[in-house]
1. Using a Förster distance of 25 Å, how high is the FRET efficiency between GLU76 and GLN124, based on the Cβ-Cβ distance and rounded to 0.05?
2. By how many nm would the segment from ARG218 to GLU349 grow when fully extended, if each residue of separation counts as 0.36 nm and the alpha-carbon distance is taken off?
3. Would any residue of segment 126-141 have its amide N under 12 Å from a label point 7 Å out along Cα→Cβ of CYS186? List them or say none.
4. Compute the distance in nm between two label points, each set 7 Å from the Cα along the Cα-to-Cβ direction, one at GLU61 and one at GLU143.
5. Once you put a point 7 Å from the Cα of ALA256 and another 7 Å from the Cα of ALA51, both along the Cβ direction, what distance in nm separates them?
6. Calculate one ³J(HN,Hα) per residue across segment 78-92 by plugging θ = phi - 60° into the Karplus curve 6.51 cos²θ - 1.76 cosθ + 1.60, and present them in order as whole Hz with x for glycine and proline.
7. At what distance in nm do the modelled label points of ARG195 and ALA286 sit from each other, each positioned 7 Å from its Cα along Cα→Cβ?
8. So if each residue of separation counts as 0.36 nm, and I subtract the Cα-Cα distance between CYS43 and ASP162, what length gain in nm does that give?
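Values in this text are rule-based calculations from the coordinates and carry no lab data. Computed from a predicted model, the values in this text were never measured in an experiment. With ideal geometry, Cβ positions are generated from the backbone for all residues, glycine too; neighbour counts draw on all protein chains shown.
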Amino acid sequence: MTVGRRVALATVSFAALALGAAIGHADLPPGHVVDQKEICLECHDLEDALALPVAHAPVAEGDCAACHNPHAARFEGLLREHPAALCVSCHAGLEEARSLAVVHQPVAQGRCADCHEPHGGSNQSLLVRTGKALCSECHSQIEDWEQRPIQHSPFAKARCADCHDPHASDHPALAPQAGGQTCAKCHPVTAAFRRSHGGYPVEEAPCQQCHDPHASSRKGLMREALHFPFAEGDCSACHAPSNSPTPFALRAREDALCGDCHDEAVEESREAPFPHVSAGGGGCTACHNPHAADGSALLDGGGQSVCLECHDPAGSASGELGRYVTHEDLECTTCHDPHGGERPLLLQEESVALCATCHTHEHGIRHPLGEDVRDPRTGNPMTCLSCHGIHDGPYKFYLFASEEGEICIGCHKQMGGGS
């Protein structure tokens, strides 16, 4: 077929496709049947995808117009709607999934094609890859888990969906069931199971408090750092006896219990002019896992992730530039005292001195700072925080306003022509 004839055929066929899409196949005049697949393949090289063993239903049916508008569209690929709405129009279960408490980020953002081929593929459910190869595209920690000597069987066999719902769940980490119920599908509660846990009804607690659900260097998939009483199997050091009506009850108020061993840290928080969470008689476990953890000091997650559990209201999780996590290479405790301190915001030092521990040259000879220099806008001493947001500055260098004069005009009115 010549190029001219192919273009002519594509033009006529495209018009027919547009007509079919606009008025519906049933409304076409008798004898006018549009072979969409043939028309589209005149220009779109999809033969390889269509030859694969798993085909998307509209593709298998030759119904390209189910997803694409043949004339124009507001979305890339001439999609009729935003991918999130388009996929839901057939896959109705996704709409319900998005209403659950924990939604997988690609689902929440309508990025279905991150995981699924839109036309045809080699894998079940049109997955672009299978198992860990797919999940590791986003979850980089998988590479670390693969190096550990003891691996959970579903992880080792790349059966991520055994323990995680790929779309959404009402439970943390996209677990299909609450607490230990997901684990109990493979690890039933027997007499031997109960004995190995000191007689405590641990099936009622989240197993991942003590066990890494993916991989570990410790027997039993225990997490890397163990709280001393837990490592010794001395649960009753902190809890009521296992045969008690309330076996998980603490022997004392949380801060008093932790203070039996960690008296210095607890006392520091109690007496600090600006205390952290443990000041009111509890809260240690808001940051520290009382049994086992992978991080230092039994922190229940890596440094910043612990703090962001509370200090992240629509912040860094939103992906907005300059929200909360701004000094990516530093732990929060580089600047903030985690238990309590003498200054607002739990700062380790007064702000100018604190910033100067790293920023040794900025403004040192250019901009006056300190008690003797007053911010004309507030009357307060001029500090680094007068111009820099540190965690929420929307401009370069975390400035409150653009460095192209706008930030300076806030004080130096003459620069902007003011009096």
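1. Here the calculated transfer efficiency is 0.40.
2. Values: separation 131, 0.36 × 131 = 47.16 nm, distance 3.97 nm.
Taking ARG218 through GLU349 to full extension adds about 43.2 nm, to one decimal.
3. Flagged as within label range: none.
4. Once both label points are built, they end up 4.3 nm from each other.
5. It works out to 7.6 nm between the two label points.
6. Values, residue by residue: 6, 5, 5, 9, 4, x, 4, 6, 5, 5, 5, 4, 10, 8, 4 Hz.
7. In this crude label model, ARG195 to ALA286 measures out at 4.2 nm.
8. Numbers: separation 119, 0.36 × 119 = 42.84 nm, distance 4.14 nm.
Extra length available between CYS43 and ASP162 comes to 38.7 nm.
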